[in-house]
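Have a look at the structure below before the remarks.
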Amino acid sequence: MDRMLRIAGRCALAFLLVLGVVALLPRAVRGALPDAVIGGAVLALGAVGARRVSRRPR
């Protein structure tokens, strides 16, 4: 259960990080980015996070 909470916390942190970066972009750049690019960035961060969590310590 504790591991699941940590994973959920990391996913939430990655999501908020992407939203923060998008919010910092100038309005013209934000308008030019398709929604698929933003969604792809969220999925990529989630995949990287899942990969790091799923690795076992050596």
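Every number in this text was worked out from the coordinates using simple rules, so none of it is lab data. Since the structure is predicted, the reported quantities are computational estimates derived from the model, not experimental observations. Cβ coordinates were reconstructed from backbone atoms using ideal geometry, including for glycine residues, and neighbour counts include every protein chain displayed.
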Exercise for the section: Could you order peptides 20-28, 7-15 by the average number of other Cβ atoms within 10 Å of their residues, highest first? Expected result: 7-15, 20-28
Handout entry: Vicinal HN-Hα couplings computed from phi for the stretch 6-17 (Karplus, 6.51 cos²θ - 1.76 cosθ + 1.60; Hz; Gly/Pro x)
Key = 5, 5, 5, x, 5, 5, 5, 5, 5, 4, 5, 5
Completion exercise
Each label sits 7 Å from Cα toward the beta-carbon; between L17 and R3 the label points are separated, in nm, by 2.2
